[in-house]
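A.B. asks: The structure follows.
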Amino acid sequence: MKREFFEPVLGIDFGTSNSAAALIDADGQLRVMPLDGLKAAMPTALFFSNETHSTLFGSEAMQAYLSGEEGRLMRAIKSLLGSKLMDEQTVVNGQAISFFDIVVLFFKELKARSEAHLGQPITRAMLGRPVHFVDDDRERDDLAQATLGRAALEAGFTHIDFQLEPIAAAFDFEQRITKETSVLVVDIGGGTSDFTVIKLDPKHRKNTERASDILATTGVHIGGTDFDRLLNLSHVMPLLGYKHIGPSGRLVPNSVFFDLTTWHLIHHAYSRKNMHFARELWTSYADQTLHKRLIDVLEDQQGHRILANVETAKINCSVSHEGAAVDLDFLDRALHPVITPASMGESLAQSLDQVVQCALQCVAASGLASVDVVYLTGGSSALQPLMDALQLAMPQATLMPGDRFGGVAAGLAYAGAVATLELSA
Ligand SMILES: Nc1ncnc2c1ncn2[C@@H]1O[C@H](COP(=O)(O)OP(=O)(O)OP(=O)(O)O)[C@@H](O)[C@H]1O
Ligand SMILES: [Mg+2]
């Protein structure tokens, strides 16, 4: 049924790695916004080009950066919400800009692309949020949500609401079930792993009050970018001196390797002070080839490229169940570190265990003995060792892979539409 005075609510899944948006249109149909060319998932990335002085977003930002264009790449900006860094200024294109303003720029672009697709202004938004932006710190967690809301308002939205990302994923799954089902929703993204145990029922879809169906939520700040960091530390950084023992029998100081493997800290590694520190490190190395590689990486600012190539190898290994080499040709053609299913399992074991424990805590907190279905969403839910570990931990449940990149945005769109029903009721 077409409604008069229809005001769409844009469901926005602002992800650590990818963002997506969707809404329910005037005909009650789900419309997924093609935010990135024809694709729905847009890398949460901005590139400030020194060459053209323009700002690029999504895949275009990644391509410009990876093609070697001079400029500054920003990724994983969601990880900064709630941190002190948010109000800090950084220099792009010779101008100082705060990280907060960078988030605003991203939201403005997402809004403009959605409006261009829909052909009408959009002022309402249903924003997704992880169960925890920040682990074990309520104040900073509240600050993160407030900052996200402020950024959306500054980008031009006038009405905003929030919904937990795993609950949104559950609402999307609910469109496909035919009978009451108890579900553990597992949303493993780039930055966080979020869990919800929820009673889904096709009869409840139009209810605006769902709190009693939600039996438990848990979340932990571990996701695909952490897996990339760990795989980078175990497979690539040793080639640059991480865990290398110097002539005095001591390990090379490791802060530079942590900066180089964390998306939002990489730039920090290239500061004048840190470069000076890294050059002086040569005395800590027994093998100078490793030190030279470290300096090459820092001077050529190859940290993002290494991390992106580790991520590619991780995905290739996960998909093929075979070893996948990390491309390091730009550094040294002789280097081909290989991520194998076994070495990946080993490097990630501790983190995956934390993720599985968090899933089990969610089921325990729900009061149910077990759930009918484990519904998997988020890009990292495809990680093979993780799926194996979840199935092992919950042998009675059926593991059901869902819409990995669009499910949360779709669920936010449903939540947004139900919220407007409530307003007009
Ligand atoms: N086949 C795959 N196997 C393993 N990991 C994958 C696969 N495909 C994508 N990923 C990982 O999924 C992550 C991105 O997932 P997603 O887009 O769901 O995250 P996000 O929503 O941006 O993050 P978050 O919800 O934590 O803020 C990346 O870390 C990526 O490397
Ligand atoms: Mg997500």
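Values in this text are rule-based calculations from the coordinates and carry no lab data. Given the structure is predicted, the values throughout are model-derived calculations rather than measurements. All Cβ positions, even for glycine, are placed from backbone atoms using ideal geometry, and neighbour counts span all protein chains on display.
A.B. asks: DSSP loop (so not H, G, I, E, B), at most 14 other Cβ within 10 Å: list which trypsin sites (Lys or Arg not before Pro) in segment 283-353 pass both filters.
C.D. replies: Taking segment 283-353 and a limit of 14 other Cβ atoms within 10 Å, the loop trypsin sites (Lys or Arg not before Pro) found are ARG333.
A.B. asks: Restricting to the chain, what percent of DSSP beta bridges are antiparallel, rounded to 5? Don't skip to the end; give the middle numbers.
C.D. replies: On the way: 38 of 57 bridges.
Antiparallel: roughly 65 percent of the beta bridges in the chain.
A.B. asks: Oh, and also: Under a GNM of the chain (C-alpha, springs under 10 Å), which listed residue has the highest mean-square fluctuation: LEU251, LEU348, LEU390?
C.D. replies: LEU251
A.B. asks: What whole-number distance in Å separates the alpha-carbon centres of segment 212-240 and segment 289-341?
C.D. replies: 18 Å
A.B. asks: So which trypsin sites (Lys or Arg not before Pro) in segment 227-274 end up in coil per DSSP with only 11 or fewer other C-beta atoms within 10 Å?
C.D. replies: For trypsin sites (Lys or Arg not before Pro) across segment 227-274 that sit outside H, G, I, E and B with at most 11 neighbouring Cβ atoms in 10 Å, the list reads ARG250.
A.B. asks: Please report, ordered by residue number, every helix of the chain (full DSSP H runs) that is 27 Å or longer along its axis going by C-alpha atoms and whose mean Kyte-Doolittle hydropathy reaches -1.0. All intermediate terms of the calculation are to be shown ahead of the outcome.
C.D. replies: Numbers: long enough: 99-118 (29 Å, 0.62); 341-366 (34 Å, 0.53).
Long hydrophobic helices here: 99-118, 341-366.
A.B. asks: ALA45's amide H: which non-local residues (gap 5+, or another chain) put their own amide H closer than 5 Å, with H modeled 1.01 Å from N in plane and none for Pro or chain starts?
C.D. replies: Distant-sequence amide H within range of ALA45: GLY58.
A.B. asks: Using 0.36 nm per residue, how much length does the chain from GLU180 to SER370 gain when fully extended, once their Cα-Cα distance is taken away? Working shown, then result.
C.D. replies: Details: separation 190, 0.36 × 190 = 68.40 nm, distance 1.46 nm.
Result for the pair: 66.9 nm of gain on full extension.
A.B. asks: For the chain, set up a GNM with springs between Cα atoms under 10 Å and report which of LEU164, LEU368, LEU23 has the largest fluctuation.
C.D. replies: Maximum among the listed residues: LEU368.
A.B. asks: On to the next question. Gaussian network model of the chain, Cα springs within a sub-10 Å range: biggest mean-square fluctuation belongs to which of GLN95, GLN145, GLN175?
C.D. replies: The residue with the greatest mean-square fluctuation here is GLN95.
A.B. asks: List the chymotrypsin sites (Phe, Trp or Tyr not before Pro) within segment 1-102 that fall in a DSSP loop (any state other than H, G, I, E or B) and whose Cβ has at most 13 other Cβ atoms within 10 Å. It would help to have the intermediate numbers written out before the result.
C.D. replies: Numbers: sites: PHE5, PHE6, PHE14, PHE47, PHE48, PHE57, TYR65, PHE99, PHE100; in loops: PHE5, PHE6, PHE14.
Listed in order of number, the matching sites are PHE5, PHE6.
A.B. asks: Under unit Cβ charges (Lys, Arg +1; Asp, Glu -1), what dipole magnitude, rounded to 20 debye, does the chain have relative to its Cα centre? Don't skip to the answer; put the middle values down first.
C.D. replies: Details: 35 positive and 51 negative charges, 12 e Å.
The calculation lands at about 60 debye.
A.B. asks: Between ASP137 and LEU38, what FRET efficiency follows from the Cβ-Cβ distance if R0 is 45 Å, with the result rounded to 0.05? Intermediate values should be presented prior to the final figure.
C.D. replies: Details: r = 40 Å, r/R0 = 0.88.
Efficiency, rounded to the nearest 0.05: 0.70.
A.B. asks: Right, another one. Report the FRET efficiency, 1/(1 + (r/R0)^6), for MET400 and THR52, where r is their Cβ-Cβ distance and R0 is 45 Å, rounded to 0.05.
C.D. replies: 0.50
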